[in-house]
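**Q** Below is the structure I would like to discuss, written out as structure tokens.
The values are calculated or read from the model by the stated rules, or taken from the named source; none is laboratory data. The structure presented is a predicted model; accordingly, all values stated were derived computationally and were not measured. So basically every Cβ, Gly included, is an ideal-geometry build from the backbone, and we count neighbours across all protein chains shown. These area figures cover heavy atoms from the full protein model, side chains too; ligands, DNA and RNA do not enter into them. Shrake-Rupley method; radii C 1.70, N 1.55, O 1.52, S 1.80 Å.
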Number of protein chains: 4
Amino acid sequence: MDTFKPVPEDRFTFGLWTVGNVGRDPFGEPTRPHIPPTEIVRRLSGLGAYGVNLHDNDLVPIDASFNEKNVIVSDFKQALNDHGLCVPMATTNLFTDPVFKDGAFTSNDAAIRAYALQKTMRAIDLGVDLGAQIYVFWGGREGAEVDASKNPLDALRWFRDSLNFLTEYVKDNNYKLKFALEAKPNEPRGDIYLPSTGAMLGFISTLQDSDMVGVNPEVAHEQMTGLNFHHAVAQAWDADKLFHIDLNDQKPGRFDQDLRFGSENIKSSFFLVKLLEEVGYRGPLHFDAHCYRTEDTEGVWDFAAGCMRTYLILKEKSRQFSEDPEIQDLLTVLRQDSPSRNFPAKYSPSTASSLLENPLDRTALSKLNLSYERLDQLTVELLLGIR
Amino acid sequence: MDTFKPVPEDRFTFGLWTVGNVGRDPFGEPTRPHIPPTEIVRRLSGLGAYGVNLHDNDLVPIDASFNEKNVIVSDFKQALNDHGLCVPMATTNLFTDPVFKDGAFTSNDAAIRAYALQKTMRAIDLGVDLGAQIYVFWGGREGAEVDASKNPLDALRWFRDSLNFLTEYVKDNNYKLKFALEAKPNEPRGDIYLPSTGAMLGFISTLQDSDMVGVNPEVAHEQMTGLNFHHAVAQAWDADKLFHIDLNDQKPGRFDQDLRFGSENIKSSFFLVKLLEEVGYRGPLHFDAHCYRTEDTEGVWDFAAGCMRTYLILKEKSRQFSEDPEIQDLLTVLRQDSPSRNFPAKYSPSTASSLLENPLDRTALSKLNLSYERLDQLTVELLLGIR
Amino acid sequence: MDTFKPVPEDRFTFGLWTVGNVGRDPFGEPTRPHIPPTEIVRRLSGLGAYGVNLHDNDLVPIDASFNEKNVIVSDFKQALNDHGLCVPMATTNLFTDPVFKDGAFTSNDAAIRAYALQKTMRAIDLGVDLGAQIYVFWGGREGAEVDASKNPLDALRWFRDSLNFLTEYVKDNNYKLKFALEAKPNEPRGDIYLPSTGAMLGFISTLQDSDMVGVNPEVAHEQMTGLNFHHAVAQAWDADKLFHIDLNDQKPGRFDQDLRFGSENIKSSFFLVKLLEEVGYRGPLHFDAHCYRTEDTEGVWDFAAGCMRTYLILKEKSRQFSEDPEIQDLLTVLRQDSPSRNFPAKYSPSTASSLLENPLDRTALSKLNLSYERLDQLTVELLLGIR
Amino acid sequence: MDTFKPVPEDRFTFGLWTVGNVGRDPFGEPTRPHIPPTEIVRRLSGLGAYGVNLHDNDLVPIDASFNEKNVIVSDFKQALNDHGLCVPMATTNLFTDPVFKDGAFTSNDAAIRAYALQKTMRAIDLGVDLGAQIYVFWGGREGAEVDASKNPLDALRWFRDSLNFLTEYVKDNNYKLKFALEAKPNEPRGDIYLPSTGAMLGFISTLQDSDMVGVNPEVAHEQMTGLNFHHAVAQAWDADKLFHIDLNDQKPGRFDQDLRFGSENIKSSFFLVKLLEEVGYRGPLHFDAHCYRTEDTEGVWDFAAGCMRTYLILKEKSRQFSEDPEIQDLLTVLRQDSPSRNFPAKYSPSTASSLLENPLDRTALSKLNLSYERLDQLTVELLLGIR
């Protein structure tokens, strides 16, 4: 029995665009053939995945006719049904077509903003039709290279207007759909607006139906700027806004790599899995990664299997961490949280004045031994399989 | 007459710790002598500054007696009075003393958290006594190198508990004081919690008295991770949370440099000044920078004068930009915002269905010429003084 | 008379691939049509450029027949002749075709390395036929995402073998051609071998015909990792290896942007121009940049004109700097270089023992005032056109 | 028996300044007491280290008298002797004292350059007296924030003059000493000259006695800019210039962290160890890291033990990799290196013309399956202890 074999209950999902990536890059032509969506469904199911996600145009070409669309969607539903896969999340492609070259919801041109809205409404309809309960917004073109061209206050206002319109649209249609906003700092734009998960959380609090809107943090997007992803996810969870998550990997300070989950930053991937498992996150675990361009189609399925397997290995490491007596002893000593430590339970004039008068001895307090080198070394050894 | 000579109405402020920086760095000893706070007041006043800001221990040593403190504060008030300077902002030093080596409000030790709270309450009293109306929180030690040591969810909860306690304290004392949270991604900690202005905005929406709490974005802190500072400030302004600002400069992807304002990134400094002037920001313009370590004390005043002068030059450039006919013509063409462009004013079932039925032509819309190369070139030439 | 109007004597060059860039990016389709090479020649000539550079396949498609190639080359030569443009530099496309997906000269497969060599020999023949005197090697695919797959020592050896073979080929054919190696840290590969100009300089010293081989530093490639480009160019000049240069602009820590020269980092662009002009660099000034994706074809020519114009403006600023009395006075004071300062002219046992016995006073020496804040402020003001 | 217990034959060394680091940082005071050098020797010996390295002033204060120095050195030698430790490497502190605030060998002031030379000669004498055979040059202050202040060509020339003088001094004294140059991109200077190991290799080829001079690559310094350290070390080895190595760890794009070896980037640390072991590097394995500031003195020894233990674990992983049949099978398939693959053994007119005429089929060559996803997944699982 293989303990690291995924099953649908693990809630692993992939995008049509991720396993379907053909290996084109800014300097090179595709290295792999297109894989039909129905074939993706069949192979993912065989690997133990739970679902498959999509942009509208991953499934239905932007210029498909009404009839073409119906055939495509019908075939796809049949494949989902045949292979027991669902579509938990859908999203809109607002970046490939040249019309979006200067933004979609934040274009200077109101007609392009209107087109982006229209395209998203239709894509929401499609997503709901396929059973999606989460709708992701990644504003890859919502940014600028030329800050002279656009006031960022206008851009924020336009983006908010669109989201407010779309939450109304969802409510008006009685769709059971939540929105998840996905941040990215740059690429394809020089700078993208609302560049981090934190910025998205701040922005959500300015929306009309903010309860319907959460975030979709992505490992690579946060690590591109060197931010600690595990901390960003914790902030989203703390704010009750972790509606979806995009798992992959990335070296900091460079182009968007979308590497296989856990392939680059083993330690930070571990803390991420540990957090997700400890807090009891129950949403989909979506791998927004793609296979190295060096691989042929078989490599794609190695890649997909590897993403899931590494997650499950790190989940098991997380369990070991929670049961390692030496690690847990160190943590118990660290946590000095009893009422005798004088932190006031709640503000009142009397707790305030008591605290002000309390002769706390900063020199004594600075002497506590923390043993973080030991704790971190034990963590590394646990990850290396030495404990 | 020198058009770029600062006057108090320009609202330029400096910190005691900024012009008072002695040039110590991680690899070297101080290169300049300590400058007494009263002397700083005198010199800043002579240069045309409006105010001086401080951490509690910039003025009063952490181990000063009650009497020593009274003498120091009294002398400082006298100097402020003599030279016509005010103290618009105060803050707490929660990072120099070894007691804070693993955090202040987010220490694992409740007694250290209590001490941080107590120290801040006293420092708030001092700040209010000196006339401060803005109180900054920079949690430089609120972070981790060893993520095994602390759950970030605990850290966020502890930080929130402290801020909620302190807003109560301020209200209970009828202080006219707003809080401004300042983010930084790392240094001195490996990773600092709530690492960007955006993350702070998200966090503020989880606070009890969130109306009293805004942000204090700092150029260098945002640029350390390569984020677009001007966009971050726009988001803060959009959320009505721009309570204070820290101006300086920084090369991305390296240690915190706190360079003279406008000395490194001329173009992005320009867009920042343009934004602040166009929206009508009326808070203090604080230079949280320090003089190169190569300089002696006279160099410090060159540095301070340079910060203000460059701001005023860029303010004038911003005015020129708004009056440059060629630039303004390009912008007018860009902005396609009339109702005829079909963006719905407001959601209703009928505006939604109209939009869905509208035969918007994405190919035609993609053809509009944007002239961003020309616009950007004109901006660069304006900055270079060629227009 | 416009003082910033380029003429061929300025030696400005562009690549067919730069002005010919169609605006495709990793997330979007082309936004501009292909421009025929002969049309590029015509337009560049009209703008005052000196030459046009190319990869073999910019001009001749990889699968062109012998006859097709002859027609294309002949038409192109005619256009060069008609419009008075030359081809100072040529290079090989070793990255677009899928055969190079895991490297060209550093592929694990000797047959692919052989193919890369063959393709380069043919492309050298073409370049020489067009008059090129400099041949650039940019090894965009010579790298790895998976370090398990390839020993970097093998990669270095294979790359050296290929270069040694090719220098022999050039000599054997009596071509007047020098090689210029161009470094890049990453993209399209996760990591590219020999990632900086400095690394290339180190590598060159291990080559057989190292006199024939220099470097082609590129602004964006060095700035992607935040390295100081002006320092890298100085090292190349110091080593007598600055054979070519690629001018553009880039924000640090992100994807390869290839922005219009001087559009982003005004100050560092100035120091670069100042260095090139002061040392008397006489090679081509090649703009390896491309136009924003938001632009149509007319924007391309705005872009090309802007690159050249900004260079000329910064050249004029460099002249001003050298004649600014206040700046020059500061520099004169700084430079303490007389023999009385005790630096030994040359090693000998006696200069060594004299130096050892010399009672140099480090405390006195540390007191010299450097006035760098003032010097830098004057530089910034000169750039802003205020002096 | 513990297989990961270090012994002197492992050649692990530490610096007095590394284990002796007192936990001061730019924002905080020391958190640990000074540890006397003789105590460091005793404890390192107990942990199984091989040697201890030093800057002149780590052992002898800059203002020690002749007699004070003699006593200190004598006591230190006694401790080395008592505990069986050696001093394989020594270096000069050219950064702490304010005299070096604008550089040592590259100061604008020839008298400061002379002082740096004198200080280094004396420190070389001390190092040789202690038995050092490697002398490291880390030019932490050799850089600039203000590029207007100094021509980088002067800086390179001055640095070269100093190194040429010092190699003469070493030869003249018949010292058995090699020089190892250590690069760093920035911090404490805004930009440091010769910022990467590659740049140092390039520079060495311009020196008079270049055979005596190699490099001392440091993990953290290369990773600060996101460069691949394992590739840089391979280049140094390829050039026969790997004279010493500094092991530690670092998150990219931020301040110099000097973390415990292997604590952050597990995968890249593995490839480094694998390279060092496979090529047969026999120089010292020096840990230029320091203990978290949160630790007391006992934490320092946990830290030192952890550095060595992780190296030995990764060394064992490297052995496993070389014997893992599944991994080795994949590598064998990848390596297509037979003569039948048509790569010419050596240049000759006939091998050149054969190659030009060879009908290599790029389409067929592009089809080879590389299985890099599988190879990388197996590597990750080996690191995680799952294989």
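Residue by residue, here is whether (1) modelled with pLDDT under 95; (2) within 21 Å of the chain's Cα centre (by Cα); (3) buried (at least 16 other Cβ atoms within 10 Å of the Cβ); (4) closer than 27 Å to C:ASP161 by Cβ holds:
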position: C:THR3; (1), (2), (3), (4): yes, no, no, no
position: C:ASP25; (1), (2), (3), (4): no, no, yes, no
position: C:ILE35; (1), (2), (3), (4): no, no, yes, no
position: C:SER45; (1), (2), (3), (4): no, no, yes, no
position: C:VAL52; (1), (2), (3), (4): no, yes, yes, no
position: C:ASN57; (1), (2), (3), (4): no, yes, yes, yes
position: C:ASP75; (1), (2), (3), (4): no, no, no, no
position: C:ASN81; (1), (2), (3), (4): no, no, no, no
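**Q** Looking at region A:137-158, which of its residues are outside any helix (DSSP H, G or I) and within 9 Å of chain B (Cβ to nearest Cβ)?
**A** Those that are outside any helix (DSSP H, G or I) and within 9 Å of chain B (Cβ to nearest Cβ): A:GLY143, A:ALA144, A:GLU145, A:VAL146, A:LYS150, A:ASN151.
**Q** In the set B:ASN216, B:ASN186, which member is within 9 Å of chain A (Cβ to nearest Cβ) and crowded, with 23+ Cβ neighbours inside 10 Å?
**A** None of the others qualify; the one that does is B:ASN186.
**Q** Just one of (1) within 30 Å of C:SER322 (Cα to Cα); (2) of a type in the set (S, T, N, Q); (3) open to solvent by 10 Å² or more (accessible area, probe 1.4 Å); (4) touching a helix residue (DSSP H, G or I) at 6+ places or on another chain (Cβ under 6 Å) trips up C:ASN265, so point out which.
**A** It fails just one condition, (4).
**Q** Which condition breaks for B:PHE66 when tested against (1) over 23 Å from B:ARG282 (Cα atoms); (2) within 12 Å of another protein chain (Cβ to nearest Cβ)?
**A** Failed condition: (2).
**Q** Which residues, counting only those in region A:231-246, are free of Cβ contacts under 8 Å to residues at least 12 places away in the same chain and over 13 Å from A:VAL279 (Cα atoms)?
**A** Answer for region A:231-246, where residues must be free of Cβ contacts under 8 Å to residues at least 12 places away in the same chain and over 13 Å from A:VAL279 (Cα atoms): just A:HIS231.
**Q** Regarding B:TYR175, is this residue facing chain A (nearest Cβ under 9 Å), of a type outside the set (D, E, K, R), touching a helix residue (DSSP H, G or I) at 6+ places or on another chain (Cβ under 7 Å) and open to solvent by 10 Å² or more (accessible area, probe 1.4 Å)?
**A** The answer is no for B:TYR175.
**Q** Let me ask something else about it. As an exercise: evaluate C:LEU80 against (1) within 30 Å of C:PHE159 (Cβ to Cβ); (2) free of Cβ contacts under 8 Å to residues at least 60 places away in the same chain; (3) aliphatic (A, V, I, L, M); (4) out of contact with any Phe, Trp or Tyr (no Cβ under 7 Å at 6 or more places or on another chain) and give the number of the one condition it does not meet.
**A** Result: C:LEU80 passes all but (1).
**Q** Take region D:18-54 and flag every residue that is touching a strand residue (DSSP E or B) at 6+ places or on another chain (Cβ under 6 Å) and of a type outside the set (A, V, I, L, M).
**A** Within region D:18-54, D:TYR50, D:GLY51, D:ASN53 qualify.
**Q** While we're looking at this one, here's another question. Which of the numbered conditions does C:SER205 fail, given that it passes all the others? Conditions: (1) touching a strand residue (DSSP E or B) at 6+ places or on another chain (Cβ under 9 Å); (2) more than 17 Å from D:GLU222 (Cα to Cα).
**A** Only one criterion in (1) touching a strand residue (DSSP E or B) at 6+ places or on another chain (Cβ under 9 Å); (2) more than 17 Å from D:GLU222 (Cα to Cα) is unmet by C:SER205, namely (1).
**Q** If you don't mind, there's one more thing I want to ask. Tell me which residues, restricted to region A:92-108, are among the polar types (S, T, N, Q) and open to solvent by 10 Å² or more (accessible area, probe 1.4 Å).
**A** If the condition is that a residue be among the polar types (S, T, N, Q) and open to solvent by 10 Å² or more (accessible area, probe 1.4 Å), then A:ASN93, A:THR96 are the ones that fit.
**Q** Sticking with this one: For region C:231-259, what are the residues that are in contact with a Lys or Arg (Cβ under 9 Å, 6 or more places away or on another chain) and either surrounded by fewer than 24 Cβ atoms within 10 Å (Cβ to Cβ) or more than 7 Å from chain D (Cβ to nearest Cβ) (or both)?
**A** Hits for region C:231-259 are C:ASP238, C:PHE243, C:HIS244, C:ASN248, C:ASP249, C:PRO252, C:ARG254, C:PHE255, C:ASP256, C:GLN257, C:LEU259.
**Q** Another question, then. Can you tell me how many residues within region B:331-353 are under 30 Å from C:SER268 (Cβ atoms) and either surrounded by fewer than 20 Cβ atoms within 10 Å (Cβ to Cβ) or aromatic (Phe, Trp, Tyr) (or both)?
**A** 1
So that you can scan it fast, the table gives a plain yes or no per residue for (1) facing chain B (nearest Cβ under 9 Å); (2) charged (D, E, K, R); (3) farther than 30 Å from D:ILE62 by Cα; (4) in contact with a Lys or Arg (Cβ under 8 Å, 6 or more places away or on another chain):
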residue	(1), (2), (3), (4)
C:GLU298	yes, yes, yes, no
C:LEU330	no, no, yes, yes
C:ARG335	no, yes, no, no
C:ASP361	no, yes, no, no
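**Q** Looking at B:ARG319, is it closer than 30 Å to C:PHE261 by Cβ and modelled with pLDDT under 95?
**A** No, not satisfied.
**Q** I'm told D:GLU323 meets every condition in (1) open to solvent by 10 Å² or more (accessible area, probe 1.4 Å); (2) at the interface with another protein chain (Cβ under 8 Å from one of its Cβ atoms) except one. Can you identify the failing condition by its number?
**A** Here D:GLU323 meets the rest and fails (2).
**Q** Now, a different point. Name the residue that is farthest from C:LEU331 (Cα to Cα), counting only residues in region D:59-73 that are within 26 Å of the chain's Cα centre (by Cα) and open to solvent by 20 Å² or more (accessible area, probe 1.4 Å).
**A** By that ranking, first place goes to D:PRO61.
**Q** Just for region A:270-321: of the residues that are small (Gly, Ala, Ser) and either in contact with a His (Cβ under 9 Å, 6 or more places away or on another chain) or part of a loop (DSSP other than H, G, I, E, B) (or both), which one is nearest to D:GLU373 (Cα to Cα)?
**A** That would be A:ALA289.
**Q** Okay, moving on. Cβ contacts < 8 Å: first residue open to solvent by 70 Å² or more (accessible area, probe 1.4 Å), restricted to region A:354-367; second residue part of a helix (DSSP H, G or I), any location; separation 6+ or different chain. Result?
**A** Short answer, once both residue conditions are applied: A:THR363/B:VAL99.
For (1) at the interface with chain A (Cβ under 8 Å from one of its Cβ atoms); (2) touching a residue at least 40 places away in the same chain (Cβ under 8 Å), each residue gets a yes or a no:
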| position | (1), (2) |
| --- | --- |
| B:ALA110 | yes, no |
| B:MET121 | yes, yes |
| B:LEU130 | no, yes |
| B:ARG160 | no, yes |
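**Q** Residues of region A:190-211 being facing chain B (nearest Cβ under 7 Å) and surrounded by fewer than 24 Cβ atoms within 10 Å (Cβ to Cβ), which ones?
**A** Selection gives A:ASP191, A:SER205, A:THR206.
**Q** List, please: which pairs have Cβ atoms under 9 Å, are six or more places apart or on different chains, and start with a residue in region C:322-350 that is in a loop (DSSP other than H, G, I, E, B) and end with one that is among the hydroxyl-bearing types (Ser, Thr, Tyr)?
**A** Short answer, once both residue conditions are applied: C:ASN342/C:SER354; C:ASN342/D:TYR115; C:PHE343/D:SER162; C:PRO344/C:THR351; C:PRO344/C:SER354; C:ALA345/C:THR351; C:TYR347/D:THR167; C:TYR347/D:TYR169.
**Q** Pairs please, first residue from region A:376-387 and touching a residue at least 40 places away in the same chain (Cβ under 8 Å) and under 19 Å from D:GLY299 (Cα atoms), second anywhere and among the small types (Gly, Ala, Ser) and not in a loop (DSSP other than H, G, I, E, B), Cβ atoms under 7 Å, 6+ apart in sequence or on different chains.
**A** Pairs that qualify, where the first residue is touching a residue at least 40 places away in the same chain (Cβ under 8 Å) and under 19 Å from D:GLY299 (Cα atoms) and the partner is among the small types (Gly, Ala, Ser) and not in a loop (DSSP other than H, G, I, E, B), are A:THR379/B:ALA148.
**Q** Now for a separate question. Identify the residue in region A:258-269 that is part of a helix (DSSP H, G or I) and of a type in the set (Ser, Thr, Tyr) and, among all such residues, is farthest from A:GLY48 (Cα to Cα).
**A** Going through the qualifying residues, I end up with A:SER268.
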